[in-house]
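Presented below is the structure to which this report refers.
Just so it is clear, none of the values below were taken in a lab; they were calculated from the coordinates. Every value quoted in this text rests on a predicted model; they were computed, and no experiment measured them. Glycine also receives a Cβ, built like all others from the backbone with ideal geometry; neighbour counts cover every protein chain displayed.
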Amino acid sequence: IDISKLRGTTGGVTTIDPGYKNTGSCVSGITFLDGEKGILRYRGYSIEELAEKADFLEVAYLLIFGDLPTTAELDKFHADIKKHAVVDDDVKKILDAFPKSAHPMGVLSSLTSALTAFNPSSVNVESEEEMYNAIVRILGKFPILVAWTMRKKLGLPLYYGDSSLGYVENILKMMFKQPNEDKYTQNPILVNALDKLLILHADHEQNCSTSTVRIVGSSHAGLFASLSAGISALWGPLHGGANQAVLEMLEAIKEDGGDTKKYMGKAKDKADPFRLMGFGHRVYKNFDPRAKIIKVAADEVLGDLGVQDPILDIAKGLEKEALEDQYFVDRKLYPNVDFYSGIIYRAMGIPVDMFTVMFALGRLPGWIAQWREMRLRKEPIGRPRQVYIGENERAFKAIADR
Ligand code: ACO
């Protein structure tokens, strides 16, 4: 039965499922997730294998088009992206108009939406070819917006990047190249770490931001407008904003003397709004497989860079206590992908309020893949119903009589 045909008429059946805990919004062939067993696969490939063996651009291709690319396919994809790795000069003016204190996620969402004005051919896309052109455009331009957002924050002049480099290498150079640095040398440890982090964040089926991208796109708003809405959804601390919130929480615990037990107590106290950021997940009721990989990567990156970060010890301490605590065990609250990612970003020299922007950079191919799938399947406009609980019909009272 096609239930979409049963609904849409007054008096039909309406299910209520706040937070859509048990409601599927679509069928999808992109990402498989088993939250009980802690399994995550992109297009059938395990996240563990992809994080170890693939690079981010290959994974982006896999998510968007369904198969791992051949060398020729990947080269063409990268070449097409590079053709669009420029941003209109007027976009710089928009960036300039933001105060330096602006949160980078707000800036990124606005600039992504603004790109629509400068790329009108990316708006009303119907054919696969038009979709492809919009996709390589945004994959070329988005890293520039990310890097510029950070450079503005740090007071660095804007820099367009180096087309001779790999996709992720170029992102790092765009972010970190200093004005008088003639010979910028790439640190392979950082390139590998960022590649891995971006792969781990690349898709996660119908989460809050992805559902947002699909629902905005279902009205046939353009790709860039749909992505801009997804960025706004990701910003919240219960979603992508958690990576910033985790680091701020770990810092606060450190400043407060490192008493993890005190914060465990606060997290369990229902009268206290404090939550242990980076713990819990709507779908994973077992270890988040991404968190396992990131924890190992955090150890490796800090070790390779020779960074001693007391925050890592606090994080490990919290995790150990939570795994032995009945409150967390009963509710199946395990560290999620964001619990350790901020520690790596910090070691890379990325400012804390840029962490969620880095998540957006990783999630970009997933959002694109889900938008493309939704459009190719010709899904109807997303329009949930409600159960009305307001007043019955009332007679209007003139303002003088109220
Ligand atoms: N600290 C303390 N208690 C928690 C936490 C936490 N981090 N997370 C959930 N709980 C408790 C809730 O209080 C609730 O307890 P109760 O049953 O006694 O009322 C129970 O666990 C279930 O929590 P819900 O909020 O109902 O679970 P939901 O699936 O709606 O929320 C969420 C999931 C938003 C991720 C939640 O666990 C949370 O707020 N975590 C902290 C923020 C965070 O890390 N978000 C990132 C998620 S991953 C991502 O988006 C990339």
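Distant-in-sequence amide contacts of F279, defined by a placed amide H-H separation under 5 Å and a gap of 5 or more residues or a different chain, comprise N336.
Would you look at the GNM of the chain, springs on alpha carbons closer than 10 Å, and say which of S211, S232, S219 moves the most? For the chain, modelled as a Gaussian network with Cα springs under 10 Å, the answer is S219.
Taking 29 Å as the limit for the C-alpha separation, the pairs K83/K173; K37/K254; K100/K141 exceed it in the case of K37/K254. Counting only residues at least eight positions apart within a chain, or on another chain, the aspartates and glutamates with an alpha carbon under 16 Å from that of K196 are E48, E49, E52, D55, E58, E169, D288, D299, E300, D304, D338.
For the residues R151, R275, R385, a GNM of the chain with alpha-carbon springs under 10 Å puts the largest fluctuation on R385.
Simple spin-label estimate for K92 and Y327 gives 5.2 nm between the two label positions (7 Å along the Cα-to-Cβ direction from each Cα).
Calculate, in nm to one decimal, what N192 and E393 gain on full extension: separation in residues at 0.36 nm each, minus their alpha carbon distance.
So the extension gain works out to 66.1 nm.
Each residue of region 269-279 was assigned a 3J(HN,Hα) from its phi angle through the Karplus curve 6.51 cos²θ - 1.76 cosθ + 1.60 (θ = phi - 60°); the sequence is 7, 5, 7, 9, x, 4, 10, 6, 5, x, 10 Hz, with glycine and proline shown as x. Full extension of the chain segment joining S219 with A252 gains 7.6 nm, where the gain is 0.36 nm per residue of separation less the Cα-Cα distance.
Under a 5 Å amide H cut-off, with hydrogens placed 1.01 Å from N, I39 pairs with D34 among residues at least 5 apart or on other chains.
How much FRET efficiency would the formula 1/(1 + (r/R0)^6) give for S121 and I39, where r is the Cβ-Cβ distance and R0 is 30 Å, rounded to 0.05?
0.15
Taking square-rooted eigenvalues a ≥ b ≥ c of the alpha carbon gyration tensor, is the chain rounded, prolate or oblate, where a/c under 1.5 means rounded and, failing that, a/b exceeding b/c means prolate? Here the chain falls in the rounded category.
The simple Förster model, with R0 at 56 Å and r as the Cβ-Cβ distance, assigns V296 and V13 a FRET efficiency of 0.70. For a test of the definition: using alpha carbon positions, the gyration tensor, and the 1.5 limit on a/c, classify region 184-246 as rounded, prolate or oblate. Taking the square roots of the gyration eigenvalues as a ≥ b ≥ c, region 184-246 is prolate. On the beta carbon distance between R377 and Y20, with R0 = 25 Å, the FRET formula returns roughly 0.85.
For region 124-224, which GluC sites (Glu not before Pro) are both in a DSSP coil and crowded by at most 16 other Cβ atoms within 10 Å?
Working: sites: E126, E128, E129, E130, E169, E181, E205; in loops: E126, E181, E205.
The qualifying sites are E126, E181.
Centre-to-centre, using Cα atoms only, region 333-402 and region 93-140 are separated by 18 Å.
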